[in-house]
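J.: Okay, here's the structure, questions in a sec.
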Amino acid sequence: MTIKFFATLKLKLGVASVELDAEPQLSVGDAIRRAEQSTGRSFWSEIFDQDGKTFPGGMVLLDGANIAHLDGVDTRVGDAETISVFPPAGGG
Amino acid sequence: MAFMGTTLRVNLTDGTIKKESTPVDLAKKYVGGRGLATRLLMNEIDPGIDALSPNNKLIFATGPLTNTNAPTGGRYMVVTKGPLTGGVASSNSGGDWGAYLKKAGYDMVIVEGKAAKPVYLSVMEDEVELKDAAHVWGKRVPETTDMLIAESGQKKAKVSCIGPAGENMVLFASIMNEKHRAAGRTGVGAVMGSKNLKAIVVHGDKKSPIPDPDAFRDLVKGKIATIRGNGITGEGLPKLGTKVLDNIINENGLYPSRNFQDVMYDGTAHMSGEALVEKGYLKRNSGCYMCPIACARNVELPNGRKGEGPEYETGWAFGPLLGFHDLNVICDANFLCNDLGLDTISAGVTIACAMEMYEKGYIKKEELANGPELSFGNTEALPYYLYQMAYREGIGDKLAEGSLRFATSYGCPEFSMTCKGQEIPAYDPRGVQGMGMSYAVGNRGADHVRSYLIGPEILGSPEKLDPQAIDGKMQWLFIFQNLTAVIDSSGLCLFTSFALNADDYADMLNAATGFNLSTEQWLEAGERIWNMERNFNLSAGITPDKDTLPKRFFEEPAQRGPNKGKVHRLPEMLPEYYQIRGWNADGTIPASKLEALGIE
Ligand code: SF4
């Protein structure tokens, strides 16, 4: 599966995405930890608070669905193809 | 108490200029800016008049926090009866102009009548004069601004003016200040043009009288720290501007393309806020008066052209909505609209409507008179028809009436993506139920900045709501509409509300005015303003059956992405909204409600 980075996170990491081997039982949180390893940069604390909830304006989407309305970072990736990670951002 | 105490009344028909006391006693009920100006408009005009007739009035109004050091304290509103919807029009702008109107000593300018020939108003503190504008009539915004600043003899003078689009009464013409800041929506520029008023030039160095300046400064410091410490206002907006939303909204499956025929756009990565940085086009960010956020983009293109923008809405309206993603074309079209004084959202959505009609055979090739094909993806069409619109040339004369009148004239109003005649912004209602309702019941027609439910529904600010859920949404809409009316009327920028809450605004308003109202009382003022605007619209003949969306959003489900198969569920939410507002089931306002809110 593909983990895509956006906004300031993309600019900081300097890469748009990384590929991971798909494992349906993997949680979204674990997938993001693996993405940290493969980019060599930790960014967890820019997206999630201490309880693993995304900061206001930040979001993680599993095939477009916000994990806030699923099981949060514990959501299983299943057969999803993409995780999109956004640090806090907003506009109008 | 933060008001300068004086309002200018300028009658263009007979050339008289009066200095009147600002009705500050009304500020407890209507705050200032948007609220107070709408109150005066209600008192002074018949809502049924023709918006472009001399009987209409055009009010430039600041709020109590304008020209203070409150974060973003520089904004003003232009309030009038609008030509696009026929209802209340009010449009907010940043930059410095609002603060400088107060520095010159005035809270508001009420413009009446119509000048026999083009004029501009010069407001240099006590010296206020109408001057001949023959030499700037026909000129674009940047040239007009430079010439009038030079003429004023004050390098720091600020100019709010119309471009050719306003002069030609394009129904969605904007009023521009500091060249790049726009009171963009609802066609306020057309009203200014109808009055033969080219510009208002302001200058001065007066301070707003704050009851306890030291206490105010301390209070404001805390609010600025909150804004700086917030992820959205402290990092996201300064770094990437509102254009950070391109990918967010696309990935969430509500980024309209090809006149809302699709809910996603595949080329988004090429024109996104990130791309603007990566391609090296973004040179720096900048901000309006006293703004700690600084969301404005200063861009230089490979062709050497420089300017401000694009922000999220414009980038979308001049790109994905029309089926292309060339950032050079998008930025150039943005610069062109700023120069001509055109609202970018209505201009883009009107061209998108024409493209769908052309592709479906409603517009014949001969009508284009050798102009570029009006086809999605044709980048040449954009600047060509923008220019034609502004000068009302060729088919541009019809496009200048906005998409609803345009499509209706061909017998196919269903291709116009509008509510109450104003074009829909860049969030597809099928992907976001609350925001869709916000468009449908908006007092200025389709509108994203009068109740920005994208905050909770997509961005999770202040908390995350499911965009497809409908339970409880109408209560959120009610609160957002009321709070936004307070923020707009106070003289601050709506973007502060990503970090600040209702108590923060109440604190600053109380400290600036000395009123000592509770947060609930300020929010009630917001509710009063909302009802007053609605009441104006009802009196103007905008019946509640106009509280709806184009039928596309009910009949054509989203074809892909996370909202695949979804339509908008307005019929399930509208009765609840009326009920929460305390209105009759038919959407009219009972006299008892107006009375309870103290609206005479
Ligand atoms: S946040 Fe942006 S639009 Fe608002 S006042 Fe600041 S620079 Fe202007």
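The values are calculated or read from the model by the stated rules, or taken from the named source; none is laboratory data. All of these numbers come straight from a predicted model, not from anything done at the bench. Don't worry about glycine lacking a Cβ; one is built from the backbone with ideal geometry, like all the others, and counts go over all protein chains shown.
J.: Failed condition for B:LEU500, given (1) in a helix (DSSP H, G or I); (2) touching a Lys or Arg at 6+ places or on another chain (Cβ under 7 Å), with all others met?
T.: (1)
J.: Then there is this: Within the stretch B:194-203, is there a residue that is at pLDDT below 95, part of a helix (DSSP H, G or I) and hydroxyl-bearing (Ser, Thr, Tyr)? Outline the logic, then answer.
T.: At the first step, the residues of the stretch B:194-203 found to be at pLDDT below 95 are none.
Taking every residue of the stretch B:194-203 in turn, none turns out to be at pLDDT below 95, part of a helix (DSSP H, G or I) and hydroxyl-bearing (Ser, Thr, Tyr).
J.: Quickly run through the stretch B:171-201 and pick out the residues that are within 14 Å of chain A (Cβ to nearest Cβ) and either more than 16 Å from the ligand (Cβ to nearest atom) or not aliphatic (A, V, I, L, M) (or both). Can you show your working first?
T.: Of all residues in the stretch B:171-201, those within 14 Å of chain A (Cβ to nearest Cβ) come to B:182, B:184-185.
The answer is B:GLY184, B:ARG185.
Rundown of residues vs (1) surrounded by fewer than 24 Cβ atoms within 10 Å (Cβ to Cβ); (2) in contact with a Lys or Arg (Cβ under 7 Å, 6 or more places away or on another chain), yes/no style:
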residue: B:ARG430; (1), (2): no, yes
residue: B:GLY445; (1), (2): no, yes
residue: B:PRO456; (1), (2): yes, yes
residue: B:ASP471; (1), (2): yes, no
residue: B:ASN482; (1), (2): yes, no
residue: B:SER489; (1), (2): no, yes
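J.: Considering only the stretch B:262-275, how many residues are hydrophobic (A, V, I, L, M, F, W, C) and within 16 Å of the ligand (Cβ to nearest atom)? Write out each step before concluding.
T.: As a first pass, look at the stretch B:262-275 and keep what is hydrophobic (A, V, I, L, M, F, W, C): B:263-264, B:269, B:271, B:275.
With within 16 Å of the ligand (Cβ to nearest atom) added as a condition, the list becomes none.
Final tally of qualifying residues: 0.
Okay, residues lined up against (1) more than 16 Å from the ligand (Cβ to nearest atom); (2) at pLDDT 95 or above; (3) more than 14 Å from chain A (Cβ to nearest Cβ):
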{"site": "B:GLY33", "(1), (2), (3)": "no, yes, yes"}
{"site": "B:LEU40", "(1), (2), (3)": "yes, yes, yes"}
{"site": "B:GLY63", "(1), (2), (3)": "no, yes, yes"}
{"site": "B:THR72", "(1), (2), (3)": "no, yes, no"}
{"site": "B:GLY94", "(1), (2), (3)": "no, yes, no"}
{"site": "B:LYS103", "(1), (2), (3)": "yes, yes, yes"}
{"site": "B:ASP107", "(1), (2), (3)": "yes, yes, yes"}
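J.: Moving to a separate point now. Check whether at least one residue in the stretch B:346-366 is within 16 Å of the ligand (Cβ to nearest atom) and either under 27 Å from the mean Cα position of the chain (by Cα) or buried (at least 23 other Cβ atoms within 10 Å of the Cβ) (or both), and report yes or no.
T.: So in the stretch B:346-366, the residues within 16 Å of the ligand (Cβ to nearest atom) come out as none.
No, that holds for no residue.
J.: Find the residue count for the stretch B:246-280, including only residues that are assigned to a loop (DSSP other than H, G, I, E, B) and within 16 Å of A:THR8 (Cα to Cα).
T.: Pass one, the stretch B:246-280, residues assigned to a loop (DSSP other than H, G, I, E, B): B:252-256, B:258-261, B:263-267, B:272, B:279-280.
Filter once more, keeping what is within 16 Å of A:THR8 (Cα to Cα): B:272, B:279-280.
Final tally of qualifying residues: 3.
J.: Taking B:GLU373 as meeting all but one of (1) assigned to a helix (DSSP H, G or I); (2) surrounded by fewer than 21 Cβ atoms within 10 Å (Cβ to Cβ), write down the number of the exception.
T.: Going through the list (1) assigned to a helix (DSSP H, G or I); (2) surrounded by fewer than 21 Cβ atoms within 10 Å (Cβ to Cβ), B:GLU373 breaks only (1).
J.: If I filter the stretch B:281-333 down to residues being closer than 23 Å to B:CYS353 by Cβ and within 16 Å of the ligand (Cβ to nearest atom), which single residue comes out as nearest to the other protein chains (Cβ to nearest Cβ)?
T.: By that ranking, first place goes to B:TYR312.
J.: I would also like to ask the following. For the stretch B:60-89, give me each residue that is more than 15 Å from the chain's Cα centre (by Cα) and over 30 Å from B:LYS223 (Cα atoms).
T.: Listed by number, the list holds a single entry, B:GLY86.
J.: Same structure, new question: Considering (1) of a type outside the set (Phe, Trp, Tyr); (2) touching a residue at least 24 places away in the same chain (Cβ under 8 Å); (3) surrounded by 15 or more Cβ atoms within 10 Å (Cβ to Cβ); (4) in a loop (DSSP other than H, G, I, E, B), say which one B:LYS29 fails and leave the rest.
T.: Looking at each condition in turn, B:LYS29 falls short on (4).
J.: Among B:LEU517, B:LEU477, which is away from chain A (no Cβ under 14 Å) and either in a loop (DSSP other than H, G, I, E, B) or of a type in the set (Gly, Ala, Ser) (or both)? Before you say what the answer is, go through the steps one by one.
T.: Working: B:LEU477 fails: either in a loop (DSSP other than H, G, I, E, B) or of a type in the set (Gly, Ala, Ser) (or both).
Matching residue, one of B:LEU517, B:LEU477: B:LEU517.
J.: Within the stretch B:230-253, is even one residue in contact (Cβ under 8 Å) with a residue 12 or more places away in the chain, within 16 Å of the ligand (Cβ to nearest atom), more than 24 Å from the chain's Cα centre (by Cα) and at the interface with chain A (Cβ under 9 Å from one of its Cβ atoms)?
T.: We begin by selecting, within the stretch B:230-253, every residue in contact (Cβ under 8 Å) with a residue 12 or more places away in the chain; these are B:230, B:232-234, B:237-250, B:252-253.
Subsequent filtering for residues that are within 16 Å of the ligand (Cβ to nearest atom) retains B:230, B:232-234, B:237-245.
If we keep only those that are more than 24 Å from the chain's Cα centre (by Cα) as well, we get B:230.
Okay, now just the ones that are also at the interface with chain A (Cβ under 9 Å from one of its Cβ atoms), so B:230.
For the stretch B:230-253, residues in contact (Cβ under 8 Å) with a residue 12 or more places away in the chain, within 16 Å of the ligand (Cβ to nearest atom), more than 24 Å from the chain's Cα centre (by Cα) and at the interface with chain A (Cβ under 9 Å from one of its Cβ atoms): present.
J.: For B:ALA115, are the conditions met, namely being aliphatic (A, V, I, L, M) and either over 16 Å from B:GLY166 (Cβ atoms) or surrounded by fewer than 24 Cβ atoms within 10 Å (Cβ to Cβ) (or both)?
T.: Values: aliphatic (A, V, I, L, M): yes; either over 16 Å from B:GLY166 (Cβ atoms) or surrounded by fewer than 24 Cβ atoms within 10 Å (Cβ to Cβ) (or both): yes.
Yes.
J.: Something else: Go through the stretch A:46-62 and give me each residue that's facing chain B (nearest Cβ under 7 Å) and at pLDDT 95 or above.
T.: Residues satisfying the conditions are A:MET59, A:LEU61.
J.: Could you grab the pairs with beta carbons closer than 9 Å, sequence gap of 6+ or different chains, first residue in the stretch B:361-379 and without any contact (Cβ under 8 Å) to a residue 12 or more places away in the chain, second one among the charged types (D, E, K, R) and surrounded by fewer than 16 Cβ atoms within 10 Å (Cβ to Cβ)?
T.: Once the first residue is without any contact (Cβ under 8 Å) to a residue 12 or more places away in the chain and sits in the stretch B:361-379, its partners that are among the charged types (D, E, K, R) and surrounded by fewer than 16 Cβ atoms within 10 Å (Cβ to Cβ) give B:LYS365/B:GLU373.
J.: Among the strands (runs of 3 or more DSSP E) lying completely within the stretch B:109-185, list those that include at least 1 residues that are charged (D, E, K, R). Steps first, answer last, please.
T.: Values: elements: B:119-124, B:127-132, B:158-161, B:175-177, B:181-183.
By residue number, B:127-132, B:158-161, B:181-183.
J.: Next question. Does any residue in the stretch B:142-154 that is farther than 19 Å from B:GLU129 by Cβ come within less than 9 Å, Cβ to Cβ, of a residue that is part of a helix (DSSP H, G or I) six or more places away or on a different chain, and which pairs are these?
T.: B:PRO142/B:ASN338; B:PRO142/B:ASP339; B:GLU143/B:ASP339
J.: So B:CYS412 fits all but one of (1) out of contact with any Gly (no Cβ under 9 Å at 6 or more places or on another chain); (2) among the hydrophobic types (A, V, I, L, M, F, W, C); (3) within 14 Å of chain A (Cβ to nearest Cβ); what number is the exception?
T.: Going through (1) out of contact with any Gly (no Cβ under 9 Å at 6 or more places or on another chain); (2) among the hydrophobic types (A, V, I, L, M, F, W, C); (3) within 14 Å of chain A (Cβ to nearest Cβ) one by one, B:CYS412 breaks only (3).
J.: Next question. Would you check which residues across the stretch B:375-428 are farther than 22 Å from B:MET169 by Cβ and β-branched (Val, Ile, Thr) and list them?
T.: B:THR379, B:ILE424
J.: Failed condition for B:ASP488, given (1) within 16 Å of the ligand (Cβ to nearest atom); (2) assigned to a helix (DSSP H, G or I); (3) within 12 Å of chain A (Cβ to nearest Cβ), with all others met?
T.: Unmet condition: (3).
J.: Right, another one. Within the stretch B:450-466, is even one residue under 29 Å from B:GLY541 (Cα atoms) and at the interface with chain A (Cβ under 9 Å from one of its Cβ atoms)?
T.: So the first thing to find is which residues in the stretch B:450-466 are under 29 Å from B:GLY541 (Cα atoms), and the list is B:450-453.
Then keep just the ones that are at the interface with chain A (Cβ under 9 Å from one of its Cβ atoms); that gives B:452.
Yes, because at least one residue in the stretch B:450-466 is under 29 Å from B:GLY541 (Cα atoms) and at the interface with chain A (Cβ under 9 Å from one of its Cβ atoms).
J.: Could you tell me which numbered condition B:THR233 fails, if it satisfies all but one of (1) surrounded by fewer than 24 Cβ atoms within 10 Å (Cβ to Cβ); (2) among the hydroxyl-bearing types (Ser, Thr, Tyr); (3) assigned to a helix (DSSP H, G or I)?
T.: (1)
J.: May I ask you to list the residues in the stretch B:295-311 that are more than 14 Å from B:ALA333 (Cα to Cα) and either more than 25 Å from the chain's Cα centre (by Cα) or at pLDDT 95 or above (or both)? Quick ask: steps written out before the conclusion?
T.: Applying the first criterion (more than 14 Å from B:ALA333 (Cα to Cα)) to the stretch B:295-311 yields B:295-298, B:302, B:304.
Selection gives B:PRO302, B:GLY304.
J.: Hey, can you tell me all the residues within the stretch B:562-596 that are within 22 Å of B:TRP530 (Cβ to Cβ), more than 28 Å from the chain's Cα centre (by Cα) and not charged (D, E, K, R)?
T.: Residues satisfying the conditions are B:ASN584, B:ALA585, B:PRO590, B:ALA591, B:SER592, B:ALA596.
J.: Still on this structure, please answer the following. I'm trying to understand the selection: among the residues of the stretch B:493-506, which are within 14 Å of chain A (Cβ to nearest Cβ) and within 16 Å of the ligand (Cβ to nearest atom)? Before the answer, list the steps.
T.: Going through the stretch B:493-506, the residues within 14 Å of chain A (Cβ to nearest Cβ) turn out to be B:493-501.
Correct list: B:CYS493, B:LEU494, B:PHE495, B:THR496, B:SER497, B:PHE498, B:ALA499, B:LEU500.
J.: Another one. Sort out which residues of the stretch A:2-19 are modelled with pLDDT under 95, more than 10 Å from every other protein chain (Cβ to nearest Cβ) and more than 16 Å from B:GLY236 (Cα to Cα), and write them in order of number.
T.: A:VAL15
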